[in-house]
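Trainee: Just dropping this structure here.
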Amino acid sequence: MLLKNGAFYLNHGFVTSDLRITDGRIEAYGSLEAEPGEEELDLNGKRVVPGFFDIHTHGAHGTDVNAASPEELEDISCFFASQGTTSWLGSILTDTEEATNRAIDAYLGWKKLPHHGATLEGIHLEGPFLSTDYKGAMPEQLLRMPDIALIRRYQERAGGDIRYITIAPELPGAVAMIPELKEMGIQVAIGHSGASYETSMEAIRYGAMASTHTCNGMKLMHQHFPAILGAALESDELYCEMICDGRHLHPGMVRILIKAKGLDRVVAITDSIMAAGLPDGRYKLGVNDVVVEKGDAKLVSDGTRAGSTLTTGQAFRNLHRFTKYSMEEIVPVLTENPAKLIGLDKRIGYLKPGMEANLLVLEDWHVTKTMVHGRFVYEES
């Protein structure tokens, strides 16, 4: 396929050019003419950006990742494509070993299906090695002490596709297991934690590279005890996840995080649940019952906030509304930053020759077309 007359996002700016896609990958930019039999699309100057990568989501469109079938994971993928997500990690909420294995098996089943939406790139384990004091929506009875053998079993079952895990570094043995997790190909985030500043910095030195939904589910800063949040803000290496729905973080806090970390060390996530894309009502998040009122998801049991109904497209627009940063500045927060954190930046996150042709055609800040692996999987009607 040849995309003509587009404004393509390249090297953190927009370049007017043509773009050729061959075998699902970006082949070349320039002033190009269609070859015999090649499909051609005139973009009439519309902006084109890399597809968004959501590394932390529990579901959408009526399906919870913990309970999904392979076909339901594909339904999530198709919904996500309509919102601008071209890649995602399925976040498995803390659950029993049996239920976690079922979720892993559903992911493996999804890999065998024909695909018509976003690519499920692997699994994020949110737990089970988390703090009871900062559990948020995690079921306390299912939280466990660090057990590297359990994660080895999960990773073997998943065929190496567990790519990300959230742990509380203050738990006995948690920091020491970080290098082993990374050797298994699992990137480590710290969160759902009351860890001290010192313990958190030790976890970062051992290889932790992200903080899970920063400011939420963690001990906050005090001038005498900076805690896990202080370590996350100070570290030059650590990426900070942000839920930019206006509920989990005040817009001023989004601006503060970006000022502290820089635009190259923040990652926009949705932390969405099965209610994303659907009306208010009763839903599930893992074993939890959730009620959504005015788009805000909370546990039925005690009113604790339980994920979000956010989409990446809305997060993209919210970031602009909250910060007034330009599109050129904001795009990496949803594309190259998560790809670099998870270690997939050699094939996704950029519109460079050789990369997978996962891209979005925009009008203003809204997605009108979504391409995954060189095929348009969504077009606004």
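Trainee: Mind checking which helices (runs of 4 or more DSSP H) fall wholly inside the stretch 191-265 and carry at least 3 residues that are open to solvent by 10 Å² or more (accessible area, probe 1.4 Å) and closer than 19 Å to residue 323 by Cβ?
Mentor: Here the list reads 251-261.
Trainee: I've got another one for you. Pick out the one residue from 72, 39 that is within 19 Å of residue 86 (Cα to Cα), open to solvent by 30 Å² or more (accessible area, probe 1.4 Å) and acidic (Asp, Glu).
Mentor: 72
Trainee: Moving on. Exactly one of these conditions fails for residue 260: (1) touching a residue at least 12 places away in the same chain (Cβ under 8 Å); (2) under 30 Å from residue 103 (Cα atoms). Give me its number.
Mentor: (2)
Trainee: Another question about this same structure. Quick one: would you say residue 103 is in contact with a Leu (Cβ under 6 Å, 6 or more places away or on another chain), without any contact (Cβ under 8 Å) to a residue 40 or more places away in the chain and of a type in the set (A, V, I, L, M, F, W, C)?
Mentor: no
Trainee: Would you confirm whether or not the stretch 124-133 contains a residue that is of a type outside the set (A, V, I, L, M, F, W, C), surrounded by fewer than 18 Cβ atoms within 10 Å (Cβ to Cβ), out of contact with any strand residue (DSSP E or B) (no Cβ under 6 Å at 6 or more places or on another chain) and at pLDDT 95 or above?
Mentor: Yes: one or more hits.
Trainee: Determine which member of the set 352, 346, 340 is assigned to a helix (DSSP H, G or I) and open to solvent by 60 Å² or more (accessible area, probe 1.4 Å).
Mentor: None of the other options fit; the residue is 340.
Trainee: Same structure again: Pick out the one residue from 157, 102, 152, 144 that is open to solvent by 40 Å² or more (accessible area, probe 1.4 Å) and either within 23 Å of residue 214 (Cα to Cα) or within 16 Å of the chain's Cα centre (by Cα) (or both).
Mentor: 144
Trainee: Which one of these is under 29 Å from the mean Cα position of the chain (by Cα), open to solvent by less than 60 Å² (accessible area, probe 1.4 Å) and over 20 Å from residue 373 (Cβ atoms): 58, 12?
Mentor: Of the residues listed, the single one that is under 29 Å from the mean Cα position of the chain (by Cα), open to solvent by less than 60 Å² (accessible area, probe 1.4 Å) and over 20 Å from residue 373 (Cβ atoms) is 58.
The values are calculated or read from the model by the stated rules, or taken from the named source; none is laboratory data. As the structure is a computational prediction, the values presented were derived from the model and not from experiment. Heads up, the Cβs are rebuilt from the backbone with ideal geometry, glycines too, and the neighbour counts pull from every protein chain shown. Note: areas computed on protein heavy atoms with side chains; ligands, DNA, RNA excluded. Shrake-Rupley method; radii C 1.70, N 1.55, O 1.52, S 1.80 Å.
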